[in-house]
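To start, the structure itself, in structure tokens.
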Amino acid sequence: MHQGIRGFLIILIFLAIGNVISWLINNFVPGNVIGMILMFAALQMHIIEEKSVESISKLLTNNMTLMFLPAGVGLMAAYELILSNIAGITLATLLSTIIVLVVVGKIQDKWGKKE
Amino acid sequence: MKEILHSDTFIVILTIGSYYIGTLINSRVNKPFTNPLLIALILIIPTLLLLDIDYPTYEKGSHIISFMLGPTVVALGYILHKQIAYLHGNIRSILISVSIGSIVGVVSVLLICWLFDCPREVMISMEPKSVTMPIALAISERSNGILAMTAITVFVCGIFGSVVGPWVLKVTGIKSKVAKGLALGAAAHGVGTSRAIQMGQVEGAFAGMAIALMGILTAIVIPIIESIWKM
């Protein structure tokens, strides 16, 4: 319990620092993404202990579907806009997904270290 | 009665309860259509309509849950820290391939939407579609997109990418395990990663790494492209 609360506090502090930096750079990159990069860097440089944020990080990321449910429910308010643009939305989503798959796979396959 | 049903407590119970039922069903029958998000939405939206709870009321009541998105994104930093050990000298090719993948992903969405005359808010909401949901929502919110539309396209992208992904990789002759994992994680985030884990440990590890990298890189790529595109 102690460990969990401490870990949560550490994460919230990184989130807050990320939000401040985001505000300073005119919201160019979202604060939580900056917080993520900062926590990653702090873990890599052993500024914070891996163990201190382990349990809370696993709890949050294993249940992230729950955290974005409220946004998904917004479908009930946005469905008209989606339906009136359904062709473009569908094609853009499907085609772009394939493009990303092939581009990333091909480049890594060509330039990556041979296995 | 209306006060009770419109209360934050009821809305939070409805949301967590529906998610819990979703995970229970998913752990018994693991198929794309038994995705916990889909099941939870099928339970929540009709309940709200039935009880005459509009979306702004729901959004306000569930704020304590959506607030947790911020800490969840930060927690992804821990996941990336754990996975980075797998890099094995591939760092340069991985950064290049995921960066180009991120740019191509955003530009292709914009071009197709533009061809179909989609309004600006639709384009902006769809840009981060290959990014893991919590980061995609943060990016969309920053660009004033419609979060629900971002959520649905990220969701569809994940399912579609993980279903056709292995076949596309085979047809296009992508052979290395690292490339397969990276491509699945970059194109189809968490859902693609669970598919990559089924293919093997190496594929799974690189897919997981691609999720975080794709998120970070797309968060940087989108504001740059938006300032060039002048939307």
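Observations on the model:
- Of all residues in region B:149-168, those being farther than 22 Å from A:GLU80 by Cβ and either of a type in the set (A, V, I, L, M) or free of Cβ contacts under 8 Å to residues at least 12 places away in the same chain (or both) number 5.
- Check on B:THR47, assigned to a helix (DSSP H, G or I), over 30 Å from A:VAL29 (Cα atoms), among the hydroxyl-bearing types (Ser, Thr, Tyr) and at pLDDT 95 or above: yes
- Checked against (1) at the interface with chain A (Cβ under 7 Å from one of its Cβ atoms); (2) hydrophobic (A, V, I, L, M, F, W, C); (3) over 15 Å from B:GLU226 (Cα atoms); (4) assigned to a helix (DSSP H, G or I), B:ALA85 passes all but a single condition, namely (1).
- Matching residues in region B:210-231 - criterion: being away from chain A (no Cβ under 11 Å) and either at pLDDT 90 or above or touching a strand residue (DSSP E or B) at 6+ places or on another chain (Cβ under 9 Å) (or both): B:ILE225
- Some residue of region B:49-57 being touching a residue at least 12 places away in the same chain (Cβ under 8 Å), facing chain A (nearest Cβ under 8 Å) and more than 19 Å from A:ILE17 (Cα to Cα): no
- Single residue of region B:191-209 satisfying the filter (at the interface with chain A (Cβ under 9 Å from one of its Cβ atoms) and buried (at least 20 other Cβ atoms within 10 Å of the Cβ)) that is farthest from B:VAL106 (Cα to Cα): B:PHE206
- Helices (runs of 4 or more DSSP H) enclosed by region B:91-148 - at least 2 residues per element that are within 15 Å of B:ALA187 (Cβ to Cβ): B:91-115, B:133-142
- Among the residues of region B:59-78, those identified as of a type in the set (A, V, I, L, M, F, W, C) and touching a residue at least 12 places away in the same chain (Cβ under 8 Å) are B:ILE64, B:ILE65, B:LEU69, B:VAL73, B:LEU76.
- Hey, A:LEU95 at negative phi, surrounded by 21 or more Cβ atoms within 10 Å (Cβ to Cβ) and without any contact (Cβ under 8 Å) to a residue 40 or more places away in the chain or not: no
- Looking only at region B:165-182, and only at residues there that are more than 7 Å from every other protein chain (Cβ to nearest Cβ) and either part of a helix (DSSP H, G or I) or at pLDDT 95 or above (or both), the one that is nearest to the chain's Cα centre (by Cα): B:GLY181
- Residue match in region B:37-60 (condition: crowded, with 19+ Cβ neighbours inside 10 Å, of a type outside the set (A, V, I, L, M, F, W, C) and in contact with a Phe, Trp or Tyr (Cβ under 8 Å, 6 or more places away or on another chain)): no
- Close contacts from region A:3-19, counting a first residue that is surrounded by 17 or more Cβ atoms within 10 Å (Cβ to Cβ) and a second that is in a helix (DSSP H, G or I) and among the acidic types (Asp, Glu), with Cβ to Cβ under 8 Å and a gap of 6+ residues or different chains, come to A:GLY7/A:GLU54.
- Hits in region B:120-140 - residues which are farther than 18 Å from A:VAL102 by Cα and facing chain A (nearest Cβ under 7 Å): B:VAL122, B:MET126, B:MET133, B:PRO134, B:ILE135, B:LEU137, B:ALA138, B:ILE139
- Residue match in region B:15-23 (condition: small (Gly, Ala, Ser), outside any helix (DSSP H, G or I) and surrounded by fewer than 18 Cβ atoms within 10 Å (Cβ to Cβ)): no
- Residues of region B:79-116 satisfying the condition of being among the hydrophobic types (A, V, I, L, M, F, W, C), within 20 Å of B:ALA207 (Cβ to Cβ) and free of Cβ contacts under 8 Å to residues at least 12 places away in the same chain: B:ALA85, B:ILE91, B:ILE96, B:ILE100, B:VAL104
- Residues (farther than 19 Å from B:THR57 by Cβ and of a type in the set (Lys, Arg)) located in region B:1-45: B:ARG28, B:LYS31
- Test: residue in region B:194-205 that is of a type in the set (Lys, Arg) and not in a helix (DSSP H, G or I): no
The values are calculated or read from the model by the stated rules, or taken from the named source; none is laboratory data. Please read these numbers as outputs of a predicted model, since none were measured by experiment. Note that each Cβ is placed from the backbone with ideal geometry, even for glycine, and that neighbours are counted across all protein chains shown.
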